[in-house]
Amino acid sequence: MPVGVYGNMPKMDELIKIAEKNNVPLIEDAGEAIGSKYKGVRAGKFGVGSTFSFHRTKTICTGEGGILLLDDKTHYDRTRFLRDHGRSPTDGYYMLEAAYKYMPSNLQVALAYAQFRRIEELVNKKREFLHMYKERFSDIGDLQFNIESDDVYNGAWATSLVFGKSHNITKKEIMEKLSKMDFPVRPFFYPLSSTPAYSGFKTGDSKKNPVSYDISNRGITLPGAFILTETQIDEYCEGIRKILRK
Ligand SMILES: Cc1ncc(COP(=O)(O)O)c(C=O)c1O
């Protein structure tokens, strides 16, 4: 399950080759990549299926929930069956298998559909935030925002900022200082294997995954709610600049 973190896209053609060679189905976790493209192809178009999240911080938000996209009719029929108590397709009160209840409510779907119809506008707004932040820090070196390589159009679900080592500051320090100035703060993601919930999975640790452990320690996620004003972005950036100047 390749993940498009912060709207970036993994190197999909290389991953597809590996999946095909090893006969492993590839499912795209495009939860953060709505509106993103890899070599001109939209996130959600790769592999046997893909998922998007519509939870509270996402570009499309239905409170909770998400969507599963499938091209294959067999998978589609099977998941449609599993999501609603395993009911018989011909008799809604007759359960063929003990299954799940993963149905979105009509209200959630109406919300999602209304936002989907203006998805270009919503993604453009997210990208505008990313570029506003980038521009406001363009005179300061050694800062890494969401990567926008030639192959990727980044939907910029959230703007992340990783402080280069020359700034000699950790995410904990920067978050504490921003909090003291009364700014909302969110950390950069943690490597899953560093969290208590997944510490039992010995597939990763700081020695095996030095890059993710290192980046996570130096990054934050910047505010990106649709109601954010340019003045608020200016104030937030000024707060970060003050911290970096000290
Ligand atoms: C990449 C990614 N995958 C999966 C999820 C989980 O989505 P949900 O909370 O809608 O189950 C999220 C966000 O929460 C996410 O960002």
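The values are calculated or read from the model by the stated rules, or taken from the named source; none is laboratory data. A quick note: this is a predicted structure, and the numbers were derived from the prediction, not measured. As a convention, Cβ positions derive from the backbone with ideal geometry for all residues, glycine included, and neighbour counts pool all protein chains shown. Note: areas computed on protein heavy atoms with side chains; ligands, DNA, RNA excluded. Shrake-Rupley method; radii C 1.70, N 1.55, O 1.52, S 1.80 Å.
Annotations
- Residues satisfying the stated conditions in the stretch 182-203, i.e. part of a loop (DSSP other than H, G, I, E, B), open to solvent by less than 50 Å² (accessible area, probe 1.4 Å), without any contact (Cβ under 8 Å) to a residue 40 or more places away in the chain and not β-branched (Val, Ile, Thr): Phe188, Pro191
- Within the stretch 156-171, if we keep just the residues that are more than 19 Å from Ser36 (Cβ to Cβ) and in a loop (DSSP other than H, G, I, E, B), the residue that is most open to solvent (accessible area, probe 1.4 Å) turns out to be Asn168.
- Restricting attention to the stretch 25-39, the residues that are away from the ligand (no atom under 11 Å from the Cβ) and not in a strand (DSSP E or B) total 5.
- Taking the listed residues Arg56, Arg42, the one that is within 11 Å of the ligand (Cβ to nearest atom) and free of Cβ contacts under 8 Å to residues at least 12 places away in the same chain is Arg56, with no other qualifying.
- Among the residues listed as Gly49, Gly40, the single one being surrounded by 15 or more Cβ atoms within 10 Å (Cβ to Cβ), modelled with pLDDT of 95 or more and in contact with a strand residue (DSSP E or B) (Cβ under 9 Å, 6 or more places away or on another chain): Gly49
- With respect to being touching a Gly at 6+ places or on another chain (Cβ under 6 Å), within 19 Å of Arg117 (Cβ to Cβ), surrounded by 13 or more Cβ atoms within 10 Å (Cβ to Cβ) and not basic (Lys, Arg), Gly35 fits the description.
- Subset of the stretch 90-109 (residues that are over 20 Å from Glu64 (Cα atoms) and either surrounded by 13 or more Cβ atoms within 10 Å (Cβ to Cβ) or of a type outside the set (D, E, K, R) (or both)): Thr90, Gly92, Tyr93, Tyr94, Met95, Leu96, Ala98, Ala99
- Qualifying residues in the stretch 128-143 (those that are free of Cβ contacts under 8 Å to residues at least 60 places away in the same chain and open to solvent by 40 Å² or more (accessible area, probe 1.4 Å)) - the one nearest to Lys58 (Cα to Cα): Glu128
- Test result for Ser179, among the small types (Gly, Ala, Ser), more than 22 Å from Pro10 (Cα to Cα) and open to solvent by 20 Å² or more (accessible area, probe 1.4 Å): yes
- Residue match in the stretch 63-76 (condition: open to solvent by less than 80 Å² (accessible area, probe 1.4 Å), under 30 Å from Leu122 (Cα atoms), within 14 Å of the ligand (Cβ to nearest atom) and outside any strand (DSSP E or B)): yes
- Scan of the stretch 11-30 for residues that are in contact (Cβ under 8 Å) with a residue 12 or more places away in the chain and surrounded by fewer than 21 Cβ atoms within 10 Å (Cβ to Cβ), ordered by number: Lys11, Asp13, Leu15, Ile16, Ala19, Pro25, Leu26, Ile27, Asp29
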